[in-house]
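A.B. asks: Can you read through this structure? Questions will come right after.
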Amino acid sequence: MKVLETNKAPGAIGPYSQGFEVNGFVFTSGQIPVDPASGEVPEGITAQAEQSCKNVGAILEAAGISFANVIKTTCFLSDMGDFAAFNEVYARYFISKPARSCVAVKALPKGVLCEIEAIAAK
């Protein structure tokens, strides 16, 4: 097992890793829309979805792969009313259309609107 760590994605705010590489698979922790440079969260679902995607991409890059390698995502929204706007951003990054679950949750860390985790194959 190889721990994945990059300063291009937010550092873990708890007892977990940004990601792991195991037997040719990459597993990312859920990425919330925190800008790793400033620590700030952008306003609105479009900007937050964009930042969450960028954070997932940074971990994939640390593993030497890209969005094209993603085979499954799990997406969390604090409001299903944001589903269409979230999908518009998501579709620009996950162009291979991986398998996906998308669920509404009561709350997310730091009060953000979305979170994305991914599983990829090398």
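A.B. asks: Looking only at segment 81-94, which residues are of a type in the set (A, V, I, L, M, F, W, C), farther than 18 Å from VAL26 by Cα and either touching a residue at least 12 places away in the same chain (Cβ under 8 Å) or not in a helix (DSSP H, G or I) (or both)?
C.D. replies: PHE83, ALA85, PHE86, VAL89
A.B. asks: Based on this model, can you work out whether ASP82 counts as charged (D, E, K, R) and under 19 Å from PRO10 (Cβ atoms)?
C.D. replies: no
A.B. asks: Filter segment 21-36 down to the residues that are over 8 Å from the mean Cα position of the chain (by Cα), under 19 Å from LYS122 (Cβ atoms), touching a residue at least 12 places away in the same chain (Cβ under 8 Å) and open to solvent by 20 Å² or more (accessible area, probe 1.4 Å) and list them by number.
C.D. replies: GLU21, VAL22, GLY24, PHE25, PHE27
A.B. asks: Still on this structure, I have one more. Out of the residues in segment 59-75 meeting the condition of being among the hydrophobic types (A, V, I, L, M, F, W, C) and over 12 Å from TYR93 (Cβ atoms), tell me which one is most open to solvent (accessible area, probe 1.4 Å).
C.D. replies: Applying the filter and picking the extreme gives ILE71.
A.B. asks: Scan segment 37-49 residue by residue and report those that are of a type in the set (Gly, Ala, Ser) and open to solvent by 50 Å² or more (accessible area, probe 1.4 Å). Please lay out each step first, then the result.
C.D. replies: Taking segment 37-49 and keeping what is of a type in the set (Gly, Ala, Ser), we get 37-39, 44, 47, 49.
Scanning segment 37-49 gives ALA37, SER38.
A.B. asks: Run down ARG92, ARG100 and say which single residue is under 14 Å from the mean Cα position of the chain (by Cα) and closer than 19 Å to LYS8 by Cβ.
C.D. replies: None of the other options fit; the residue is ARG92.
A.B. asks: Which residue, of SER78, SER52, is surrounded by 15 or more Cβ atoms within 10 Å (Cβ to Cβ) and touching a residue at least 60 places away in the same chain (Cβ under 8 Å)?
C.D. replies: Just a single option satisfies the conditions, and that option is SER52.
The values are calculated or read from the model by the stated rules, or taken from the named source; none is laboratory data. None of the values given here were measured: they were computed from a predicted structure. Don't worry about glycine lacking a Cβ; one is built from the backbone with ideal geometry, like all the others, and counts go over all protein chains shown. Note: areas computed on protein heavy atoms with side chains; ligands, DNA, RNA excluded. Shrake-Rupley method; radii C 1.70, N 1.55, O 1.52, S 1.80 Å.
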